[in-house]
Structures are given as structure tokens and as C-alpha cells.
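The values are calculated or read from the model by the stated rules, or taken from the named source; none is laboratory data. Everything numeric in this text was worked out from a predicted model, so none of it was measured. Don't worry about glycine lacking a Cβ; one is built from the backbone with ideal geometry, like all the others, and counts go over all protein chains shown.
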Amino acid sequence: MSRLVVKGGRSLQGEVRMSGAKNATLPMLAATLLTAGECAVIGSPRLRDTAIMEAILTALGARVRIERDAEGRRVLMVHAGALATHQVPDRLVGEMRSSIFVMGPLLGRLGRVRISYPGGCAIGPRPIDLHLKGLRALGAVIHERFGYIEAEAARLRGTEIHLDFPSVGATENLMMAAVLADGVTVLRNAAKEPEIVDLQNFLNKLGARVRGAGTGDIRVDGVRSLGGAEHAMIPDRIEAGTFLAAVGAAGGEIKIQNVIPEHLDAVVAKFREAGMEFGRLHDALWARARRPLRATDFKTLPYPGFPTDMQPQAMVVMCVAQGVSVITETIFPSRFTHVAELRRMGADIRLEGKTAVVRGVGSLSGAAVQAADLRSGASLVLAALAAEGTTVVDGVHHIDRGYENFELKLAALGADVSRQE
Ligand code: UD1
């Protein structure tokens, strides 16, 4: 068990480099199960979640090894030449919801999959009905019993699927399942996140025929088999957004390298409204915040709207801004585990259903707080940077799920953060 000890009150200065996107890596690693060819996933971050996905691939019979390329980037080499089983180990499924991503690829490649039902998580109920409905439409016969999902299809058949909601995970799972299906699959009301575009690019390098990712209509022309490929993944826009929020909360001036600035348009627009200044270079973003910032309302929405994965961190910025902001969470309506902890640090937040009303308090004070999930954990660290005195953040394993070297990157910007085991 680790904790982070943060002495607050220092502004941030300097340069920091972003890692590859967690949410692009996870489906991409699952997609390597679709092919007997060797895949090189370049820039895959070293995170707890990616380690779990690596363990799942290994348990299914793939060979996974880690290399460095000439530029020093971490490269995951995955070779799923022959798969040993269609059963995904319960222990690993229990550790990470995203293990559900292997359903589509295993159905496509082996014609069957058995996986335990991924439970709820701290950010609220996360059903997988849209994944299952889509797979059934593709011809899979699915039984749900005794906490397991068993799906079978000698060969999936392309069809038109209209998603009731643009779910990121369902869009990705169905895209992967459709790659080896007979005929054409069209996904309507698909999610438009940049990670879906990156998955399309990777699948197409393997020999798939996928078009339309990034729009609401994705078309997959099924192919018989796939080969190997190498692919450098997009940088993590949520990690970058988190560093922007860190500057917004603590003040200062930083340059963030290895970003695609357009992926952060909604976040930058909000922070600009709050009074931050930005400059963009082709793969870098420069940001400055002079406290206090202005309170600003925002609402989470599917991409290109404001990301739910940035809601807790942006809330921290509003906690120390001037005025009242109204924050509406429309994607995961109970994603507020950070609120009680922020209140311990002196924040003034009132929760009404899926809305948080935040009255800026100028400054927070250090306290002992508990991370309950990934992004709320990160938000507590940001609050600690902005607070007077020392904060101890427990439950750091949640933060390690999705941030590579978080405290080292913050320390390089001048923050006083250290890890205690
Ligand atoms: C992905 C991201 C996560 C992000 C979320 C929303 C990954 C690995 N994770 O999660 O970081 O917070 O997108 O941007 O990429 N829903 C259903 N039925 C389903 C699937 C989803 O009702 O079968 C609902 C969910 O409960 C939620 C909404 O749809 O209210 C969005 O979920 P979804 O887009 O699927 O999120 P994930 O793919 O789980």
C-alpha cells in the first residue's frame, strides 16, 4: 500500500512529457488477440491497468515482452500465435473492468469466450448491456449465468447496429468483433473519442478494413485474417488535462510535451474561460494560471464535449476559484467520490443529484484523504498542491492504474510530492 505526501502551496514551473494514452492502449492490446501475427505497440505506458491487460493476454496464451525502441519508447511486443484458452481468468477480470475488451476479439478469433461479469466500480454502475446487445446482433449466442458470460458464434455476421448511447467501450468491442465477421458491419451512434480513431488505425495496419472512426458512423468490412503490425499510440489527453488542471489549481506556467492539442479543445476552452492562458505548438501545449481564476460552469459529455475523466480534476480548480460554479456529470451521474474528501480539505461543495455546486474558497488546507478511484485520486493530489500545509493521499494504487510516474512528473515541475510505502 502506498501513499503520497504532498506539501502544498508551491506553483508549478517547467516542462513535462505525456505518456501514451491508457484508454488507447487497453483496447489495442485486446485487439492483438485477433491476429496470429506479431504486434508492436509503441509508447504503451507502464501502468497497473496495462499490466493487468498484459497478464490477461499471457493467461490466454499470447507471448508478451517489453522492449525499448531507438527513441527510448516502451514497446510492447505481443504475439498471440496460438491461443491456449477462451476463458478469461476471474482474478484478472475482477481487477479491471476493461478486461471486457477481450470479448470481441476472442469471439472473432476463436468463436467463443467465457468471462466473469465485471462488477460495478467506485464511479457508479457500469453495465455492459450495449456490448452484449451488439455482439448478439452480430450473431453471438450469449448465456449469462452464475456470474459468467458465455458467448459463442462459429462465425460472426456483419449487420447494422444502432447504439442506444455512444459508449466508448461498446464501440471498441464491437469494432474489434466485426473485423473478422462475414460481411459489412455498420455501427450507428458510435462514440467519437480519439482513442477509437487510434484503434481503427491500429486495426487497419493489421489488415482490417475499418472506416469512419471519429464520426458517429463506423463501417467495418470483414476480412478473413489479419497479420502483424507496429503502431505508435496517441498521447494521453486525460493525463495532459490533469496537468493543465494542476496548474489551474496551484498556479504557475508549464509546457506539456507529447500532446495532440485538438484532443484537449473542450478542456482548454473551459480553463480559458476561467482565466488561464494557453499557447499551442504542434505537439506541445503551454499553459499559465495566475490565481485566483474565475468560477466556470461545465457539463460532462461524450467527446468532443468536456470529458467525464476530467471532471474531478477540473472541480478542484473551481474549488479555489472566485465565485460559484455548477458542474453537471451526465456520463457517470454518481462519479463524486472526491467530493467528501475535498470537503475535508475545506472545499465548499453541495451535491444535488448529478450536479455539484462549488463555491470557491480561495485556499484549501492539507488533510488526510483517501483516493477511491483513478481520477478522483488524481484530483486529491491536485487539491493537495493547491492547499496550505501537508496532505496525505492514501489509496495511491488507484492513481497508479492510470498515471505513469505521476509524482515524479509533478516533482519535476517543482511540486513537493513524495511516495511512502
Ligand atoms: C471509457 C473510458 C473511461 C471513460 C468513459 C467515458 C476506457 C478504458 N475507459 O469507459 O475512462 O470515463 O469511457 O468517457 O476507455 N453504458 C451502458 N451500457 C453499456 C456501456 C455503457 O449503459 O453497455 C453507459 C455507462 O454506464 C455510462 C455511459 O454509458 O453511463 C458511458 O460509458 P462508456 O462510454 O461505455 O464508458 P467505458 O467504455 O466503460
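Numbers for the structure displayed
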{"quantity": "Residue within region 114-124 that is modelled with pLDDT of 95 or more, away from the ligand (no atom under 16 Å from the Cβ), buried (at least 18 other Cβ atoms within 10 Å of the Cβ) and of a type outside the set (S, T, N, Q) present", "calculated": "no"}
{"quantity": "So Ala181, is it within 14 Å of Gly108 (Cβ to Cβ) and at pLDDT below 95", "calculated": "no"}
{"quantity": "Enumeration of residues in region 383-416 that are within 13 Å of Ala347 (Cα to Cα), under 23 Å from the mean Cα position of the chain (by Cα) and of a type outside the set (Gly, Ala, Ser)", "calculated": "none"}
{"quantity": "From the options Asp348, Asp309, residue that is surrounded by 22 or more Cβ atoms within 10 Å (Cβ to Cβ) and among the charged types (D, E, K, R)", "calculated": "Asp309"}
{"quantity": "Test: residue in region 129-142 that is of a type in the set (Gly, Ala, Ser), in the same structural domain as His86 (by TED's automatic domain parsing), crowded, with 23+ Cβ neighbours inside 10 Å and within 13 Å of the ligand (Cβ to nearest atom)", "calculated": "yes"}
{"quantity": "Residue ranges of helices (runs of 4 or more DSSP H) in region 187-295 with at least 2 members outside the structural domain of Gly104 (by TED's automatic domain parsing), crowded, with 22+ Cβ neighbours inside 10 Å and on the phi < 0 side of the Ramachandran plot", "calculated": "237-250, 265-273"}
{"quantity": "Residue match in region 31-54 (condition: over 30 Å from Phe243 (Cα atoms), surrounded by fewer than 23 Cβ atoms within 10 Å (Cβ to Cβ), outside the structural domain of Gly395 (by TED's automatic domain parsing) and not hydrophobic (A, V, I, L, M, F, W, C))", "calculated": "yes"}
{"quantity": "Residue match in region 225-232 (condition: in contact (Cβ under 8 Å) with a residue 40 or more places away in the chain, under 26 Å from Met310 (Cα atoms) and not polar (S, T, N, Q))", "calculated": "yes"}
{"quantity": "Inter-residue pairs, beta-carbon under 7 Å, first aliphatic (A, V, I, L, M) and in region 306-321, second near the ligand (Cβ under 9 Å from one of its atoms), 6+ apart", "calculated": "Met310/Ile238"}
{"quantity": "Filter result for Gly72 (assigned by TED's automatic domain parsing to the domain that holds Ala170, more than 30 Å from Thr390 (Cα to Cα), touching a Pro at 6+ places or on another chain (Cβ under 9 Å) and away from the ligand (no atom under 16 Å from the Cβ))", "calculated": "no"}
{"quantity": "Single condition Phe101 does not satisfy, out of (1) modelled with pLDDT under 95; (2) under 24 Å from Ala51 (Cβ atoms); (3) not in a loop (DSSP other than H, G, I, E, B)", "calculated": "(1)"}
{"quantity": "Scope region 1-18; condition touching a Ser or Thr at 6+ places or on another chain (Cβ under 9 Å) and not hydrophobic (A, V, I, L, M, F, W, C); matching residues", "calculated": "Lys7, Gly8, Gly9"}
{"quantity": "Condition met for Leu106 (part of a helix (DSSP H, G or I) and within 16 Å of the ligand (Cβ to nearest atom))", "calculated": "no"}
{"quantity": "Neighbours by Cβ (under 8 Å, 6+ apart or cross-chain): first from region 41-52, more than 14 Å from the ligand (Cβ to nearest atom); second part of a loop (DSSP other than H, G, I, E, B) and among the polar types (S, T, N, Q)", "calculated": "Gly43/Ser19"}
{"quantity": "Residue match in region 376-391 (condition: in contact with a Lys or Arg (Cβ under 9 Å, 6 or more places away or on another chain), within 16 Å of the ligand (Cβ to nearest atom) and either outside the structural domain of Glu15 (by TED's automatic domain parsing) or assigned to a helix (DSSP H, G or I) (or both))", "calculated": "yes"}
{"quantity": "Contacts under 8 angstrom Cβ, first residue in region 335-347 being hydroxyl-bearing (Ser, Thr, Tyr), partner buried (at least 22 other Cβ atoms within 10 Å of the Cβ) and not in a loop (DSSP other than H, G, I, E, B), 6 or more apart", "calculated": "Thr337/Ser376"}
{"quantity": "Scan of region 134-185 for residues that are of a type in the set (Val, Ile, Thr) and either in contact (Cβ under 8 Å) with a residue 60 or more places away in the chain or touching a Pro at 6+ places or on another chain (Cβ under 7 Å) (or both), ordered by number", "calculated": "Val168, Val179"}
{"quantity": "Qualifying residues in region 300-333 (those that are among the polar types (S, T, N, Q) and near the ligand (Cβ under 10 Å from one of its atoms)) - the one farthest from Phe271 (Cα to Cα)", "calculated": "Thr330"}
